[in-house]
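Enquirer: Here it is, the structure, as structure tokens.
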Amino acid sequence: MNSGQDAGTFADTGWGSPLMPNSSAARWPSRSLLGAMSPEACRELLGLGVRTRFEAGDVLLREGDTDRHVLVLLSGFAKVTARVENGEESLLAVRVGGDIVGEMAAMDGAPRSATVAACGTVDARLLRHDLLRGLLVRRPEVHLVLTGIVADRLRWANRRRLDFRGYPVKVRLARLLVELATSYGRPTERGPEIGCRLTQPELAALTGAAETTIHKGLRELRRSGLLETGYGSTVILDLPRLRRLADLPPDD
């Protein structure tokens, strides 16, 4: 991990205009922290803390640690994992540029509940918990956005638990792919592209299924013309049909 202290204003960070949400060079997902904030709030947030870079495999946050800073991801993606009772590591979620990680410990002071690790290069802003709290006081809109993100993550966790009980594996896989496409997909001529690369074991962990079953499910979805997988990405070729398979309502 490499970090560098800056002068404290966005214009002086050296990142340049591509990090602004209205720039054509960078589009943060609309449901992420940076994607949902106003340009003015983004400027203020990105002027706080220090510029930080992680390389593939670096740990951004470690389960059980008692530090309280947060990281706002600017680019790249990371995986969130936690240890279960038998000692095995379980994949809980993925986070991409625009997302915030570590906000729970920053707010309540409890030990980290999960480990966040970089998958490839990740650029981020590291903020002490007091800087985040000050921003939330000065800008209630940011407080509301962050509260909504925490609520979305809780709903996501609850949906996964219900999906495990109520749907077969193929439907659970379709629901996960729809969630990833709508939250993190990048529009292309062929359909939304999920740029974060998840392995079959990781998809199995997120859907509560066996790896062999996930392999079969992906093969069937490809044969049905619903998606196309390649190195480092997945393109959803027919999102409306995938939503129907996932037993989800049409996307307005």
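Enquirer: Filter the range 158-171 for residues that are without any contact (Cβ under 8 Å) to a residue 60 or more places away in the chain and in contact with a Leu (Cβ under 9 Å, 6 or more places away or on another chain) and give the result.
Expert: Here is the first cut: in the range 158-171, the ones without any contact (Cβ under 8 Å) to a residue 60 or more places away in the chain are 158-166, 168-169.
If the condition is that a residue be without any contact (Cβ under 8 Å) to a residue 60 or more places away in the chain and in contact with a Leu (Cβ under 9 Å, 6 or more places away or on another chain), then R160, D163 are the ones that fit.
Enquirer: Say whether the condition of being outside any helix (DSSP H, G or I), within 30 Å of T121 (Cβ to Cβ) and modelled with pLDDT of 85 or more is met by at least one residue in the range 169-187. Working first, answer last.
Expert: Here is the first cut: in the range 169-187, the residues outside any helix (DSSP H, G or I) are 185-187.
Remaining after also requiring within 30 Å of T121 (Cβ to Cβ): 185-187.
Within this subset, residues satisfying the condition of being modelled with pLDDT of 85 or more are 187.
Yes, because at least one residue in the range 169-187 is outside any helix (DSSP H, G or I), within 30 Å of T121 (Cβ to Cβ) and modelled with pLDDT of 85 or more.
Enquirer: Another question, if that's okay. Any chance you could count how many residues in the range 192-226 are assigned to a helix (DSSP H, G or I), aliphatic (A, V, I, L, M) and over 20 Å from K79 (Cβ atoms)?
Expert: Filtering the range 192-226 down to residues assigned to a helix (DSSP H, G or I) leaves 200-207, 211-223.
In the following step, the residues that additionally are aliphatic (A, V, I, L, M) were identified as 203-206, 214, 218, 221.
From what's left, over 20 Å from K79 (Cβ atoms): 221.
Of the residues in the range 192-226, 1 are assigned to a helix (DSSP H, G or I), aliphatic (A, V, I, L, M) and over 20 Å from K79 (Cβ atoms).
Enquirer: How about the range 172-198: which of its residues are farther than 19 Å from P250 by Cβ and either in the same structural domain as D99 (by TED's automatic domain parsing) or touching a residue at least 60 places away in the same chain (Cβ under 8 Å) (or both)?
Expert: Y184, R186, G195, C196, R197, L198, listed by residue number.
Enquirer: Still on this structure: With the structure loaded, tell me whether T81 is touching a residue at least 60 places away in the same chain (Cβ under 8 Å) and polar (S, T, N, Q) or whether it fails that test.
Expert: For T81, the condition - touching a residue at least 60 places away in the same chain (Cβ under 8 Å) and polar (S, T, N, Q) - is not met.
Enquirer: Just one of (1) more than 14 Å from the chain's Cα centre (by Cα); (2) surrounded by 13 or more Cβ atoms within 10 Å (Cβ to Cβ); (3) part of a helix (DSSP H, G or I); (4) polar (S, T, N, Q) trips up T229, so point out which.
Expert: The number of the failed condition is (3).
Enquirer: On to the next question. Given the range 31-127, what strands (runs of 3 or more DSSP E) lie entirely inside it while holding 3 or more residues that are buried (at least 16 other Cβ atoms within 10 Å of the Cβ)?
Expert: 50-54, 70-83, 89-96, 115-127
Enquirer: Name the one entry in V145, V137 that is assigned by TED's automatic domain parsing to the domain that holds A82, part of a helix (DSSP H, G or I) and crowded, with 17+ Cβ neighbours inside 10 Å.
Expert: It is V145.
The values are calculated or read from the model by the stated rules, or taken from the named source; none is laboratory data. This is a predicted model, so every value here is computed, not measured. Cβ atoms come from the backbone with ideal geometry, glycine included; neighbour counts cover every protein chain shown.
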